[in-house]
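Below: one structure, written as structure tokens.
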Amino acid sequence: MKRLLFVVMLISMTMMVQAAEKRRPKDCQSICTMHYDPVCAGGAGESPKSFGNICVMQNYNCENNKNLAVISQGECPNGGGIRLS
């Protein structure tokens, strides 16, 4: 009986770990500082977007499978929203 309970618990724990792995965010995410050093970034076929700093832009690229690059320092002149985190 104890062995059966042990096996059931082991299987349950394995299933929980596997479910957590599926929900885990991409490994490419990093923690960015809140230091505000805005950049304007764009890419082929993309309208320019403002980001709070380069780290935030890199996370955006990773999360969205994009390849935006810094166009200029400061917010983009189009006045669109700015991503801070």
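Every number here is computed from the coordinates shown, using simple stated rules; none is lab data. A quick note: this is a predicted structure, and the numbers were derived from the prediction, not measured. Positions of Cβ are generated from backbone atoms using ideal geometry, with glycine treated the same way; all protein chains shown enter the neighbour counts.
Using θ = phi - 60° in the Karplus curve 6.51 cos²θ - 1.76 cosθ + 1.60, the 3J(HN,Hα) couplings for the stretch 63-72 round to 5, 10, 6, 10, 9, 5, 10, 5, 8, 7 Hz; x is entered for Gly and Pro.
Each other residue within a Cβ distance under 14 Å of V56 adds +1 if Lys or Arg and -1 if Asp or Glu, for a net charge of 0. Rounded to whole numbers, the Karplus 3J(HN,Hα) couplings from phi for the stretch 41-58 are 10, x, x, 4, x, 10, 6, x, 10, 9, 10, x, 6, 4, 4, 5, 4, 5 Hz, using 6.51 cos²θ - 1.76 cosθ + 1.60 with θ = phi - 60°, and x at Gly and Pro. Using a simple spin-label model with points 7 Å from Cα along the Cα→Cβ vector, what separation in nm is obtained for C62 and M34? A separation of 2.1 nm, rounded to one decimal place. Quick one: net charge of S72's neighbours, Cβ under 14 Å, K/R +1, D/E -1? Taking every other residue near S72 into account, the sum is -1.
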